[in-house]
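Each reported figure results from applying straightforward, stated rules to the coordinates on display, with no laboratory input. Everything numeric in this text was worked out from a predicted model, so none of it was measured. Here the Cβ positions follow ideal geometry from the backbone for every residue, glycine too, while neighbour counts run over all protein chains shown.
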Amino acid sequence: MTGSRRSGAFVDKVGIIGPMNEKNCGAVVTGSARGIGAATARLLAARGYGVCINYVADETAATAAVQQIVAAGGRAFPVRADVSDPDQARRLVEETADRFGGIRVVVNNAGVSQHRAFAEMSPQDWDFVVRVNLSSAAYVSMAAVRYLLEQPFGRIVNICSLRAMTGSGHGAHYAAGKSGLIGLTKSLALELAPDITVNAVSPGYTNTDMNAASLASKGDAIRASIPVHRVAEPDEIALIVGFLVSESAGYITGETINVNGGVYMR
Ligand SMILES: NC(=O)c1ccc[n+]([C@@H]2O[C@H](COP(=O)([O-])OP(=O)(O)OC[C@H]3O[C@@H](n4cnc5c(N)ncnc54)[C@H](OP(=O)(O)O)[C@@H]3O)[C@@H](O)[C@H]2O)c1
């Protein structure tokens, strides 16, 4: 921690994870109306963060996610913003910072999957999937860095995928975008140390809308292929994000944590 303007405060507080340290600040969670992003936003709001509920199309889900957090005593507001567009990504960050008086946490979660054989893939398919899964994380992080640097500590977590590790037989653009997130994670970890940690969480099969069709048609085969014999719940992924953004996780940076029930181990 030599050279950090925050090292003393950090050392004093090692071991403390909780609202005492995390109140009254903002957290940007992209793609947070549904699935893993919504679970992460709920967890951060329960810890005292003000969170944006970011979506691109499903306003009903965003409204419900905000209402759930507010009903539990948290702070949240909806922001429609396509984070694969740099201007909209910046607006999301700025609105969240203005609303909550700063940003300490960024979770780059927005993602899309698209089943597409490479032989049938168009350049437009490629660009769309890589922009949403990879470029959006860069755009949001670029806009957020100056806010994170104003805080006692800053945290960026990128939501990666098992497919970054294994490749994909039906989505080269998705696997490539998620692999790129690991390079972005390591590079930003180097550049933004010691004040901001940057890590990735790499989920396996998780029970969200993204997987609903495959779980409905071949759920038994999928579960049988997973050593723990079940898919993850979104809250289980959110818990790992919650640890990485805590003050106690300040010595972990540049890391990717696999949360996949044993499908892939390294
Ligand atoms: N589910 C899995 O098994 C699994 C496994 C590995 C990795 N992941 C990754 O985990 C992350 C979350 O996945 P999920 O399963 O929770 O997805 P999901 O249930 O499909 O929800 C995706 C969320 O992202 C939002 N979104 C999509 N494109 C966006 C954009 N361009 N700008 C802003 N928001 C956008 C959606 O908004 P709308 O509601 O408006 O559509 C929605 O709120 C993704 O990065 C995904 O790749 C998921």
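Miscellaneous remarks
- Mean Cβ neighbour count within 10 Å, used as a protection proxy, ranking 85-98, 251-264 highest first: 85-98, 251-264
- In terms of surrounding Cβ atoms within a 10 Å radius of their Cβ, 142, 265 rank from fewest to most as 265, 142.
- Furthest towards positive pole of dipole, 252, 135, 96, structure part the chain, Cβ charges: 252
- Equivalent ellipsoid semi-axes, the chain, via Cα gyration tensor eigenvalues times 5, rooted, Å: 28, 20, 19
- Protection proxy ranking, peptides 234-244, 40-50, average beta carbon neighbours within 10 Å, highest first: 40-50, 234-244
- Tilt relative to the chain, helix 86-100 - C-alpha long axis, 0 to 90 degrees, to 10: 40
- For the peptides 169-175, 122-128, the ranking by mean Cβ contacts within 10 Å, running from highest to lowest, is 169-175, 122-128.
- 0 to 90° range, to nearest 10: angle between helix 136-148 axis and the chain longest Cα axis: 10
- Rounded to the nearest whole Hz, the Karplus-based 3J(HN,Hα) values (6.51 cos²θ - 1.76 cosθ + 1.60, θ = phi - 60°) of segment 56-63 follow the sequence 10, 9, 8, 5, 4, 5, 5, 4, with x at glycine and proline.
- The charge dipole of segment 22-257, taken about its Cα centre with unit charges on the Cβ atoms of Lys, Arg (+1), Asp and Glu (-1) only, comes to about 280 debye.
- Degrees between helix 35-46 axis and first principal axis of the chain (Cα, 0 to 90, nearest 10): 20
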